[in-house]
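Shown next, in structure tokens, is the structure this report addresses.
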Amino acid sequence: MGPDTLFSRATYPPSSHRLLCLFRHLAFCLVLSCPAVGQTVRLPDLVEITALDSTIHLDIRYATGNNFMRRALYDEARAFLQRPAAEALVRVQRKLTRSGYGLLVFDGYRPWSITKKFWDESDEEQRKFVADPSVGSKHNRGCAVDLSLFDLESGEEVEMPSDYDEFTIRASPSFRGGEPAALALRDLLRGAMEAEGYTVNRGEWWHFDYKDWELYEILDIPFSEIPDR
Ligand SMILES: [Zn+2]
């Protein structure tokens with residue numbers, strides 16, 4: 001077992017408390033699908049993306065009314081990821097800069113209670129596209145990012161085959177209709193992200209999961225309580 005194993009002997013509570021803690025952890029796992037007991041779990045290490053690379057642009061839609069919920073759900077327009085995922089994103093940014101583009105981040109780590117709000121306030125049709133809070137989202141683990149590209153010269157967001165959070169066939173990363181230039185930019189983003197350990201979502205060209213997502217637990221820490229690192 002590594003030093004950061006969740007249930008290592010050195011950090012586990014005394015035996016009188018042990019069964020109760022184990023029971024509570026298993027109950028939490030049943031509800032939220034967190035990593036199994038005994039599996040090495042990485043402790044949360046959320047870092048602010050723009051603190052690692054200030055050339056990455058943000059358009060945090062859930063801090064505005066410009067999203068499918070039509071109201072602001074975040075108090076602050078900030079984006080966080082677990083450190084290895086954030087460092088991989090910085091490498092993507094550096095590569096894309098050579099092609100004349102930069103990353104435009106819409107969302108990163110998302111507290112679990114926000115995912116629950118999405119679910120509670122969605123109708124049956126919208127629920128096909130939002131994460132079930134009983135399972136949780138890779139965003140809740142700090143290992144998913146929603147993003148597009150901006151043009152380095154103009155600073156403007158590029159045209160992609162669909163809008164962000166557009167729940168249509170055009171959002172699929174395998175959609176072949178539309179403007180060739182938009183398809184090429186979508187594929188440029190995907191290629192750069194996949195080279196650094198991210199996988200694109202099958203239905204959303206803008207959503208990428210980082211490879212180590214299973215090693216992190218579902219979190220419900222507000223942005224304001226994430227320490228500066
Ligand atoms: Zn997403």
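Working carefully through the options ILE226, ILE218, find the one that is within 16 Å of the chain's Cα centre (by Cα), closer than 23 Å to PRO84 by Cα and more than 16 Å from the ligand (Cβ to nearest atom).
ILE226
Only one of these conditions is not met by ARG190: (1) farther than 24 Å from LYS128 by Cβ; (2) assigned to a helix (DSSP H, G or I); (3) under 18 Å from the mean Cα position of the chain (by Cα). Which number is it?
Condition (1) is where ARG190 drops out.
Can we say SER148 is over 14 Å from the mean Cα position of the chain (by Cα), among the hydroxyl-bearing types (Ser, Thr, Tyr) and not in a helix (DSSP H, G or I)?
Against the criterion (over 14 Å from the mean Cα position of the chain (by Cα), among the hydroxyl-bearing types (Ser, Thr, Tyr) and not in a helix (DSSP H, G or I)), SER148 does not qualify.
Name the residues in the range 69-100 that are under 15 Å from the mean Cα position of the chain (by Cα) and in a loop (DSSP other than H, G, I, E, B), would you?
Across the range 69-100, the qualifying residues are TYR74, ALA77, ARG78, ALA79.
For MET193, indicate whether it is touching a strand residue (DSSP E or B) at 6+ places or on another chain (Cβ under 9 Å) and more than 14 Å from the ligand (Cβ to nearest atom).
When the stated conditions are applied, MET193 does not pass them.
Exactly one condition in (1) within 15 Å of the chain's Cα centre (by Cα); (2) more than 17 Å from ALA77 (Cα to Cα); (3) more than 14 Å from the ligand (Cβ to nearest atom); (4) not acidic (Asp, Glu) is not met by LEU103; state its number.
If we test LEU103 against (1) within 15 Å of the chain's Cα centre (by Cα); (2) more than 17 Å from ALA77 (Cα to Cα); (3) more than 14 Å from the ligand (Cβ to nearest atom); (4) not acidic (Asp, Glu), just (2) comes out false.
I'm checking my understanding of the structure. Among residues of the range 82-102 that are hydrophobic (A, V, I, L, M, F, W, C) and in contact with a helix residue (DSSP H, G or I) (Cβ under 6 Å, 6 or more places away or on another chain), which one is nearest to MET193 (Cα to Cα)?
Going through the qualifying residues, I end up with VAL92.
Can you tell me how many residues in the range 157-187 are of a type in the set (D, E, K, R), free of Cβ contacts under 8 Å to residues at least 12 places away in the same chain and part of a loop (DSSP other than H, G, I, E, B)?
3
Looking at (1) on the phi < 0 side of the Ramachandran plot; (2) within 15 Å of the chain's Cα centre (by Cα); (3) not polar (S, T, N, Q), which is the only condition ASP165 fails?
Condition not satisfied by ASP165: (1).
Considering only the range 97-151, state which residues are aliphatic (A, V, I, L, M) and in contact (Cβ under 8 Å) with a residue 24 or more places away in the chain.
Hits for the range 97-151 are LEU103, LEU104, VAL105, ILE114, VAL135, ALA144, VAL145, LEU147, LEU149.
Yes/no matrix, rows are residues, columns are (1) within 16 Å of the ligand (Cβ to nearest atom); (2) over 21 Å from the mean Cα position of the chain (by Cα):
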{"position": "TRP119", "(1), (2)": "yes, no"}
{"position": "SER134", "(1), (2)": "no, no"}
{"position": "ARG141", "(1), (2)": "yes, no"}
{"position": "ALA144", "(1), (2)": "yes, no"}
{"position": "GLU156", "(1), (2)": "no, yes"}
{"position": "SER172", "(1), (2)": "yes, no"}
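Taking ASP75 as the residue in question, decide whether it is assigned by TED's automatic domain parsing to the domain that holds THR199, touching a residue at least 24 places away in the same chain (Cβ under 8 Å), away from the ligand (no atom under 15 Å from the Cβ) and among the charged types (D, E, K, R).
Yes: the conditions hold for ASP75.
The values are calculated or read from the model by the stated rules, or taken from the named source; none is laboratory data. A quick note: this is a predicted structure, and the numbers were derived from the prediction, not measured. No Cβ is skipped: glycine too gets one built from the backbone with ideal geometry, and neighbour counts run over all protein chains shown.
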